[in-house]
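Enquirer: Okay, here's the structure, questions in a sec.
The values are calculated or read from the model by the stated rules, or taken from the named source; none is laboratory data. Keep in mind that what you see is a predicted model, and the values were worked out from it rather than measured. Note: ideal-geometry Cβ built from the backbone for every residue, glycine included; neighbour counts use all protein chains shown.
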Amino acid sequence: MKKIYSKFDKQSISKLPKVLFGGRVETILNVAEAKKAVDFLLRQDVIGFDTETKPSFKAGHQNEVALLQVSSRDICFLFRLNQIGMPACIRRLLSDSSNIKVGLSWHDDIRMLQRRAKFTPGAFVELQEMVRDYGILDMSLQKLYANIFGKKISKSQRLSNWEADILTESQKLYAATDAWACVMIYDELLRMKVEGYDLEIIPEPEDIG
């Protein structure tokens, strides 16, 4: 039976083996490609979402979302919104409620995406809410993945330039891994619900002793 923890020690994450998305990564650079990608994604039963934004080091300024990554279990599409904007097909994907869309802290992502174009969000599963039913208190994707799978998602590319003319392979893998990990966590939580799990309660610091 899988053992999980109410809180996962951040210091322990650095010692874990690294996980990277092992499927196909497709970078979407025009509307025609976006339409094909959306058609494929809407045929999947579960898809994972995430976004990336170029960091701003100027007080009070926030850049618009540069990348929308959407993944099935084996293919991840990287929509370069800073180059193609928010065409109707992407808005259709975000508004659709025909399949399960899994994300983490999705209210923030949706708010940022709506700065690019108005749309009504479809049905999303919020992992932060889902894990509470299992007794997990951690909220970050890195901690959740480490807790459930015992592997580390690297965050080394988080503050890189997501508006660069060409994304590096490291950026692509980082972005794809985050979206794909949402699907993996969702699938594993459903499996655990059926097969059972062992939750260890980690005391808060003030409760120790």
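Enquirer: List the helices (runs of 4 or more DSSP H) that sit entirely inside segment 62-150 and contain at least 2 residues that are without any contact (Cβ under 8 Å) to a residue 24 or more places away in the chain and out of contact with any Ser or Thr (no Cβ under 9 Å at 6 or more places or on another chain). First the steps, then the outcome.
Expert: Numbers: elements: 81-84, 88-95, 106-116, 127-132, 141-149.
Qualifying helices (runs of 4 or more DSSP H): 106-116, 127-132.
Enquirer: Just checking, which of I208, I185, I202 is closer than 21 Å to F149 by Cβ and modelled with pLDDT under 95?
Expert: From the options I208, I185, I202, the qualifying one is I202.
Enquirer: Separate question: From the list K193, K155, exactly one residue is at pLDDT below 95, under 20 Å from F8 (Cβ atoms) and surrounded by fewer than 15 Cβ atoms within 10 Å (Cβ to Cβ). Which is it? Don't jump to the end; show me each part of the working.
Expert: Working: K193 fails: at pLDDT below 95.
K155 is the lone residue from the list that is at pLDDT below 95, under 20 Å from F8 (Cβ atoms) and surrounded by fewer than 15 Cβ atoms within 10 Å (Cβ to Cβ).
Enquirer: I've got another one for you. Any residue in segment 17-36 that is out of contact with any Leu (no Cβ under 7 Å at 6 or more places or on another chain) and under 17 Å from Y186 (Cα atoms)?
Expert: yes
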